[in-house]
Amino acid sequence: ENVNRPHFHWPVLLLAGFCLFARRGVSADTTRQIDRSRVGKDKVIYVDRATGKQAFPGEFYLLSGLFSEGLAAVCVDEKWGFINEAGEYVIPLQSAWSLARGFSEGLAAVNFPRRGDGTGGFGFIDRTGKLVIPPAGYGMAHDFSSGLSAVSKKVGDRFVYGFIDQTGKMVIEPKFDRGAVFKEGKANVIIGDKRAVIDKSGTCLGAPVFPREADFTYVISDAASTRDGAVAWRILLRHKGADLRF
């Protein structure tokens with residue numbers, strides 16, 4: 001994911017170089033196509049797509065992530081850390097996070113346990129593991145794209161989405177029922193049960209409309225629970241604006 005491939009006019013040389021690396025073993029800074037493969041009930045291993053074999057030793061918790069920007073968030077014994085494409089820990093396992101997401105634009109979202117004073121939730125670290133955007137009660141956080149990340153924050157009795165920049169500043173105030181990543185300066189959001197497209201100022205580009213694919217919509221709650229080693233979220237089902245049930 002998010003791999004910037006250089007543009008060359010020598011495809012044969014590139015293919016030969018790839019085969020050479022595949023045979024000799026790939027160093028930590030060489031891009032590999034690595035997939036996850038489930039083993040047992042709640043574990044995964046990482047598999048080199050080129051060979052179909054396990055890329056490096058080790059089994060990780062089921063929610064461990066895919067590689068992005070050369071690193072993957074992994075969980076072992078309820079501790080989270082980040083490994084490189086050789087399976088080496090770049091950011092050591094630690095118990096401070098209850099969940100970690102992949103890197104995007106040099107930052108990764110990590111979740112801290114919530115506290116009674118409203119602190120905790122998602123913050124962002126850099127590739128050294130340094131916390132650069134402290135948790136501010138965000139219940140959910142999306143990957144950075146075009147310099148912005150959609151985050152949910154409690155306003156009144158519900159969570160709504162806004163957008164922060166890479167300094168942690170809220171540049172689009174929380175007011176949406178769901179947010180998404182920006183692409184080409186635009187992002188899809190949900191307002192009530194309607195979909196809208198906004199620009200980077202938060203302005204709707206046209207009137208919100210009901211999704212075409214269905215009259216039914218849903219909202220995922222920000223409160224997760226653990227059941228038999230899996231994480232479960234409550235989902236509120238709606239039909240044309242009317243709440244039906246969780």
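The values are calculated or read from the model by the stated rules, or taken from the named source; none is laboratory data. Note that the coordinates shown come from a computational prediction; the quantities given were computed from them, not determined experimentally. Virtual Cβ from ideal backbone geometry, glycine too; neighbours counted across all protein chains shown. These area figures cover heavy atoms from the full protein model, side chains too; ligands, DNA and RNA do not enter into them. Shrake-Rupley method; radii C 1.70, N 1.55, O 1.52, S 1.80 Å.
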Next item on the list: Mind checking the full-extension length gain between SER145 and GLU184? Use 0.36 nm per residue of separation minus the Cα-Cα distance, one decimal, nm.
Entry: 13.1 nm
Checklist line | Pair GLU105, LEU63: separation of 7 Å Cα→Cβ label points (nm) | finding: 2.5
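Subtracting the Cα-Cα distance from 0.36 nm times the residue separation, let me have the gained length for GLN54 to GLN94 in nm, one decimal. Kindly include the intermediate steps, with their values, before the conclusion.
On the way: separation 40, 0.36 × 40 = 14.40 nm, distance 2.46 nm.
Between GLN54 and GLN94, full extension yields an extra 11.9 nm.
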Item checked: Accessible area in square angstrom per residue, segment 52-128, 1.4 angstrom probe -> 44
Item checked: Extension gain (nm, one decimal) between THR119 and ASP199, 0.36 nm per residue minus Cα-Cα -> 25.9 nm
Note to self: Counting only other residues whose beta carbon sits under 12 Å from that of CYS204, what net charge do I get with K and R as +1, D and E as -1?
What the structure shows: +3
Check: In nanometres, what is the gap between the two model label sites at ARG38 and LYS175, each 7 Å from Cα along Cα-to-Cβ?
Finding: 4.1
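With +1 on the Cβ of every Lys and Arg and -1 on the Cβ of every Asp and Glu, and nothing else charged, how large is the dipole of segment 79-203 about its Cα centre, in debye rounded to the nearest 20?
That gives segment 79-203 a dipole magnitude of about 320 debye.
Measure off, as a whole percent, the carbon and sulfur share of the 1.4 Å-probe accessible area of segment 49-140, all protein chains present.
Of all accessible area on segment 49-140, carbon and sulfur atoms account for 53 percent.
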